[in-house]
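Colleague: This is the structure I want to talk about, given as structure tokens.
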Amino acid sequence: MTEAKQQSIAEFSSKTAQATYRTAAEAGLWLSEVKVIEDYFPKKGIILDIGCGTGRTTFPLLKKKYAVVAIDIVPSMITIAREIAEVKKIQANFSVGEATSLQFSSNMFDAALFSFNGWEQIPGRQNREKALRETIRVLKHGGIYVFTTHKRTLNIRWIQRWFSFYIGAKLFGIKKEACDYGDVFFTRKGANPHEPQQFIHIASVRDTRKTLKKVGFDILKVAMATELGDNEHEYPMAFYICRKPLQ
Ligand SMILES: C[S@@+](CC[C@H](N)C(=O)[O-])C[C@H]1O[C@@H](n2cnc3c(N)ncnc32)[C@H](O)[C@@H]1O
């Protein structure tokens, strides 16, 4: 396992992250997610909830009578999700799983979800692309995939990072796996200094669209959360609504 991936798993396993996501599970679906699910998901069927965390999206989908298979790469997230399900007496299917190598047969799911920018937390451009390839593989033809990202735009912070990226990585070859333009390490709000930093790739809509097309998705819509009536987020968040082609 690569260093960046190990760090990402360690961060999500930290006490602060666990406490944050235990509370997050209670938050339920965002307004934007409710809208997208109502408008684009089939009315019934089997949904793959990738990077489910502690079940923030899983439990409401179950309440809507979908069959939900929920996976997360971090074992302690799954442990908490199962505990919550037990306390609430909800029958749920949570298991440890990796988005870049899904443990499911092809053409199995009616829809899939990778909520709250989880896809951006996969280090390495090729791995993010691999996760999309895996998702399209396990979706039925016509199946819907919804995920979110940040929206990277050109500003002074990114111009500075662009320079250090190109000088370090491109000119001097200091290119680690977690060193794509757009990669950031940061400390989670409320984390202790000894806890690992969080990894995220701040994606641009242009790049993400390109990758989606490359792996074969039809892009039905890209919309900002605010366009979906959701003003609850601290930063601009883009929703991608995609479909596996019918044939
Ligand atoms: C920002 S959290 C969101 C959790 C949950 N979906 C929510 O909205 O509360 C992202 C989740 O994606 C998971 N994740 C990151 N990389 C993953 C991967 N390669 N495969 C599966 N899960 C992954 C993390 O462990 C984390 O639980």
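Laboratory data are not the source of any read-out in this text; all were calculated from the coordinates shown. Since the structure is predicted, the reported quantities are computational estimates derived from the model, not experimental observations. In this analysis, Cβ positions are derived from the backbone assuming ideal geometry, glycine residues included, and neighbour counts consider all displayed protein chains.
Colleague: Out of 93, 127, 155, any idea which swings most in a Gaussian network model of the chain, alpha carbons joined below 10 Å?
Modeller: 155
Colleague: Under a point spin-label approximation (7 Å from Cα along Cα-to-Cβ), what is the residue 231-residue 93 distance to one decimal in nm?
Modeller: That separation, rounded to one decimal, is 4.0 nm.
Colleague: Ok, one more. When the Cα centres of segment 98-136 and segment 48-74 are compared, how far apart do they sit, in Å?
Modeller: 14
Colleague: With runs of 4+ DSSP H residues as the only contributors, calculate the mean residue ellipticity of the chain at 222 nm using -39,500 (n - 2.57) per run, divided by the residue total and rounded to the nearest 500.
Modeller: -10000 deg cm²/dmol
Colleague: By counting other Cβ atoms within 10 Å of each Cβ, how are 204, 105 ranked from fewest to most? Present the calculation step by step, with values, prior to reporting the outcome.
Modeller: Values: 204 18, 105 9.
Starting with the residue having the fewest Cβ neighbours, the order is 105, 204.
Colleague: As a quick test, which of the pairs 44/189; 5/44; 64/140; 35/214; 89/244 have an alpha carbon distance above 31 angstrom in this structure? Walk me through the numbers before you get to the answer.
Modeller: Working: 44/189 37 Å; 5/44 34 Å; 64/140 20 Å; 35/214 27 Å; 89/244 34 Å.
Exceeds cut-off: 44/189; 5/44; 89/244.
Colleague: Still on this structure, I have one more. Find the Rg to Rh ratio for the chain, where Rh is the Kirkwood radius over alpha-carbon pairs and Rg uses the same atoms. List each step's numbers first, then the result.
Modeller: On the way: Rg = 17.7 Å, Rh = 18.6 Å.
Across the chain, the Cα-based Rg/Rh ratio is 0.95.
Colleague: Taking Cα atoms, how many degrees apart are the long axis of helix 156-165 and the longest axis of the chain, rounded to 10 and kept between 0 and 90?
Modeller: 70
Colleague: Work out the length of the dipole vector of the chain about its Cα centre, built from +1 on the beta-carbon of each Lys and Arg and -1 on the beta-carbon of each Asp and Glu, and round it to the nearest 20 debye.
Modeller: On the way: 36 positive and 25 negative charges, 115 e Å.
Around 560 debye, computed over the chain.
Colleague: Related question: Could you sort 30-42, 224-236, 205-217, 64-76 so that the peptide with the highest average Cβ count within 10 Å comes first and the rest follow in order?
Modeller: Values: 30-42: 17.9, 224-236: 13.7, 205-217: 15.6, 64-76: 19.9.
Put in order of decreasing packing, that is 64-76, 30-42, 205-217, 224-236.
Colleague: Roughly what % of DSSP beta bridges within segment 91-212 run antiparallel, to the nearest 5? Could you put the intermediate results ahead of the total?
Modeller: On the way: 5 of 10 bridges.
Restricted to segment 91-212, the bridges split so that about 50 percent are antiparallel.
Colleague: Anyone know which of 131, 27, 99 comes out most mobile in the 10 Å Cα GNM of the chain?
Modeller: Looking only at 131, 27, 99, the largest GNM fluctuation is found for 27.
Colleague: What is the spin-label model distance, in nm, from residue 192 to residue 164 if the labels are put 7 Å beyond Cα along the C-beta direction?
Modeller: Each label point is offset 7 Å from its Cα along the Cβ direction, giving 2.7 nm.
Colleague: Mean separation of Cα pairs under 8 Å and 6+ residues apart, divided by the residue count of segment 49-161: what relative contact order is that in percent? Present the calculation step by step, with values, prior to reporting the outcome.
Modeller: Values: 160 pairs, mean separation 28.3, N = 113.
Taking the mean separation of contacting Cα pairs over the length of segment 49-161, I get 25 percent.
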